[in-house]
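Below: one structure, written as structure tokens.
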Amino acid sequence: MRDSAVTLSETQGRIITSVGGLYTVETSCGMCTCKARGVFRKRGILPYVGDFVQLSEDGVICEILPRKNSILRPPVANLDQILFVTSSCRPDPNLLLLDSFLAVAIYQNIQPVLVLTKVDLDAAEQVRRLYTSAGIPVYAVDYRNGETVQAVAALLKDKVSMMTGNSGVGKSTLLNAMEPSLQLPVGEISEKLGRGRHTTRQVQLYPCAGGYLADTPGFSTFEAEQYVQMKKEQIADCFPEFQPYLGECRFSDCSHVCEKGCAILEAVQAGKIAKSRHASYCTLYQTAKQRKEWES
């Protein structure tokens, strides 16, 4: 379950749990519990769950190896993918919110995956087509067909993943179906995933379906601040369906919002890019444009 690009020695490992300044690190020799060097705090550096770290001879974290990505809430590094669980109805999908977080994942070099639930109530064919055409992998879960559950479970094998989504979309039901040993109460947040009482200082990676799964916040805690660091010029790169048209506009500094000769706007008008996706892009672009430089 380690990153194939990272070769760890006996004095290196991955942080699996963080609670109250203590870290559980998985090494080639097993698990060890340790603290981090005090110099990290002085420098404002916080080890994240998922970090690959170097351990000193006395079992203290002395170095954090380079991260390929990280998110703020929960503080997790080196994610391979984020599964965005969205119900086809009850509640209906919030496309702007979903598009915002898909963009965040792509910006952070994390593979986004859309998992649709409650398709027995609404097949959500329009949503499936919308995101499939946008280049986002889409998996529909129908509990009457166990293969649809297994297809999602297979995504977790040998990867570090996070699953998130609005409350009520069926995350606990899906997790129970993929990993029955979790026995999560449906409709509740379970302490087994680190979000119960007295666990606000704990972040953990849990074995699940042959991989690791980070504790699972809802969209309300997967904050919009994740894309604060995105400049307005970077947002178009976070919409995969824009890629064939970037560089084809009349003006090199085209914002893709309202300019004449914009290849992306022409693609929207031709039905090659969904209007809702472009509307979400425009909202994110305007938000970034209004943000002061010092806020980034």
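Filtered by the rule that a residue be basic (Lys, Arg) and either exposed (fewer than 14 other Cβ atoms within 10 Å of the Cβ) or closer than 17 Å to ILE235 by Cα (or both), segment 107-144 gives ARG129, ARG144. Checking each residue in segment 240-255 for being in a loop (DSSP other than H, G, I, E, B) and within 17 Å of ALA103 (Cβ to Cβ) picks out LEU246, SER255. Mind listing whichever residues of segment 120-147 are assigned to a helix (DSSP H, G or I), acidic (Asp, Glu) and over 19 Å from GLU241 (Cβ atoms)? Selection gives GLU147 alone.
For segment 160-172, taking the residues that are surrounded by 18 or more Cβ atoms within 10 Å (Cβ to Cβ) and either of a type outside the set (A, V, I, L, M) or without any contact (Cβ under 8 Å) to a residue 12 or more places away in the chain (or both), the one that is nearest to ALA214 (Cα to Cα) is identified as SER161. Identification of strands (runs of 3 or more DSSP E) wholly contained in segment 1-116 with 2 or more residues that are within 23 Å of MET230 (Cβ to Cβ), in contact (Cβ under 8 Å) with a residue 60 or more places away in the chain and of a type in the set (A, V, I, L, M, F, W, C) yields 81-87. All conditions in (1) among the charged types (D, E, K, R); (2) crowded, with 18+ Cβ neighbours inside 10 Å; (3) modelled with pLDDT under 95 hold for ASP51, with the sole exception of (3).
Taking the conditions (1) touching a Ser or Thr at 6+ places or on another chain (Cβ under 7 Å); (2) more than 24 Å from THR148 (Cα to Cα) in turn, LEU98 satisfies each one other than (2). Applying the set (1) closer than 30 Å to ARG73 by Cα; (2) part of a loop (DSSP other than H, G, I, E, B) to ASP237 leaves exactly one unmet item: (2). Number of residues in segment 256-296 that are of a type in the set (A, V, I, L, M, F, W, C), at pLDDT below 95 and part of a loop (DSSP other than H, G, I, E, B) equals 1. For GLU233, the criteria (1) surrounded by 13 or more Cβ atoms within 10 Å (Cβ to Cβ); (2) at pLDDT below 95; (3) more than 21 Å from the chain's Cα centre (by Cα) hold in every case but one, which is (1).
For segment 97-106, the criterion of being modelled with pLDDT of 85 or more, touching a Lys or Arg at 6+ places or on another chain (Cβ under 9 Å) and either within 30 Å of ARG129 (Cα to Cα) or surrounded by 20 or more Cβ atoms within 10 Å (Cβ to Cβ) (or both) is satisfied by at least one residue. Could you say whether any residue in segment 201-215 is at pLDDT 90 or above, under 30 Å from LEU46 (Cβ atoms) and hydroxyl-bearing (Ser, Thr, Tyr)? Yes, that holds for at least one residue. Being in a loop (DSSP other than H, G, I, E, B), at pLDDT below 95 and of a type outside the set (Gly, Ala, Ser) is a property that VAL169 has. When we screen ALA177, ALA151 for residues that are over 20 Å from the mean Cα position of the chain (by Cα), at pLDDT 80 or above and aliphatic (A, V, I, L, M), the only hit is ALA177.
The values are calculated or read from the model by the stated rules, or taken from the named source; none is laboratory data. For clarity, every value in this text was computed on a predicted model and none was experimentally measured. Note that we place each Cβ from the backbone using ideal geometry, even for glycine, and neighbour counts take in every protein chain shown.
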